[in-house]
1. Being modelled with pLDDT of 90 or more and surrounded by 13 or more Cβ atoms within 10 Å (Cβ to Cβ) narrows it down to one of V41, V51, V35, so name that one.
2. Within the set of pairs 6+ apart or on separate chains, which have a first residue in the range 2-24 that is more than 17 Å from K46 (Cβ to Cβ), a second that is assigned to a loop (DSSP other than H, G, I, E, B) and not hydrophobic (A, V, I, L, M, F, W, C), and C-beta atoms under 9 Å apart?
3. Which residues, counting only those in the range 7-29, are surrounded by 13 or more Cβ atoms within 10 Å (Cβ to Cβ) and of a type outside the set (K, R)?
4. Taking the range 4-25 as the region of interest, how many residues are farther than 18 Å from K52 by Cα and of a type outside the set (D, E, K, R)?
5. Can you tell me which residues in the range 1-36 are under 11 Å from the mean Cα position of the chain (by Cα) and of a type in the set (A, V, I, L, M)?
6. Inspect the range 22-30 for any residue being out of contact with any strand residue (DSSP E or B) (no Cβ under 6 Å at 6 or more places or on another chain), assigned to a helix (DSSP H, G or I) and not hydroxyl-bearing (S, T, Y) and give the result as yes or no.
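The values are calculated or read from the model by the stated rules, or taken from the named source; none is laboratory data. What you see is a predicted model, and the numbers here were worked out from it, not measured in a lab. We place every Cβ from the backbone using ideal geometry, glycine too, and count neighbours over all the protein chains shown.
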Amino acid sequence: MTRSEMISTLLEDYNIDPKRFQISWVSSAEPDKFVAAVKEVTGRVKKLGPVKATETAK
């Protein structure tokens, strides 16, 4: 199991939507790719809204 898979599993265990997590590999020579990755994650998290108490309750 990779670290990213482990993190996704842990998020699911704590009832937190794993869509809140993403890993992107970006070179320092790819600033446009970095900006696009940040915008994508930011947009997705904004759509999901804040983490609700029911998401974190076990």
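1. Values: V51 fails: modelled with pLDDT of 90 or more; V35 fails: surrounded by 13 or more Cβ atoms within 10 Å (Cβ to Cβ).
The match here is V41.
2. Correct list of pairs: S4/Q22; L11/D17; D13/K58; Y14/K58; N15/K58.
3. Going residue by residue through the range 7-29, those that are surrounded by 13 or more Cβ atoms within 10 Å (Cβ to Cβ) are 7-8, 11, 15-22, 26.
Result: I7, S8, L11, N15, I16, D17, P18, F21, Q22, V26.
4. Kept after step one, since they are farther than 18 Å from K52 by Cα, are these residues of the range 4-25: 4-7, 9, 22-25.
Then drop every residue that is not of a type outside the set (D, E, K, R), which leaves 4, 6-7, 9, 22-25.
Looking only at that region, the number is 8.
5. Let us first name the residues in the range 1-36 that are under 11 Å from the mean Cα position of the chain (by Cα), namely 4, 7-8, 11, 16-24.
Once the filter is applied, which keeps residues that are under 11 Å from the mean Cα position of the chain (by Cα) and of a type in the set (A, V, I, L, M), the range 1-36 yields I7, L11, I16, I23.
6. Filtering the range 22-30 down to residues out of contact with any strand residue (DSSP E or B) (no Cβ under 6 Å at 6 or more places or on another chain) leaves 22-30.
Of the ones still in play, those that are also assigned to a helix (DSSP H, G or I) are none.
Looking through the range 22-30, none of the residues is out of contact with any strand residue (DSSP E or B) (no Cβ under 6 Å at 6 or more places or on another chain), assigned to a helix (DSSP H, G or I) and not hydroxyl-bearing (S, T, Y).
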